[in-house]
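See structure below.
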Amino acid sequence: MRETKKFLTGFTLIELLVVIAIIGVLSSIILTQFPGAMKKANDARVQAAMAQMRALITSYQTASGSYFGVSCAGDMPAGMKNLCNEVKNKDYLKVDMTLQVSDGAVCFYAPLNEKDGASYFCADSAGVAGITTTTPSATCHSSAFTCPTNTAL
């Protein structure tokens, strides 16, 4: 005679409650970390877009001999408008990046997300590019065109 064994495939109420509790704890840990991770990701995208802008602007200046014409409003150099919009969509205040241009110099900056607008990414034609906690508006304006002295990567 052949013996057949029956297996129960159901879960008890206690087992289900334990699994739900574990999922709840794990999701609460993940959800508390998510906003910080999103801010860091947006900051990385802002920095990457501004590094691309810096390369475009340098190439434009090399070809034309001047920074005159560099703008977020137009598309000079080509692709600049898209990068400016990318920065605007990812930065903390959702504002246009500040771009100061003269014939011989350029400076631009945008607020970063991670410290809720208390830090900025700044780049200028003197070769400085990086993060600063000093508001660049004091040095990156229509007559100075430089990032603050504490700007560093």
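Values in this text are rule-based calculations from the coordinates and carry no lab data. The shown structure was predicted, so the numbers you read here are calculated from the model rather than taken from an experiment. When we count neighbours, we look across all protein chains shown, and the Cβ atoms used for this are built from the backbone with ideal geometry, even at glycine.
Worth a mention:
- Check: the range 13-138 dipole with +1 on Lys, Arg Cβ and -1 on Asp, Glu Cβ, in debye: 40
- The convex hull drawn around the Cα atoms of the chain, when projected onto a plane and averaged over every direction, covers 15.9 nm².
- As a proxy for reagent exposure, ranking SER143, SER119 by other Cβ atoms within 10 Å from fewest up yields SER143, SER119.
- Residues SER125, SER102, SER27, arranged from fewest to most other Cβ atoms within 10 angstrom of their Cβ, appear as SER27, SER102, SER125.
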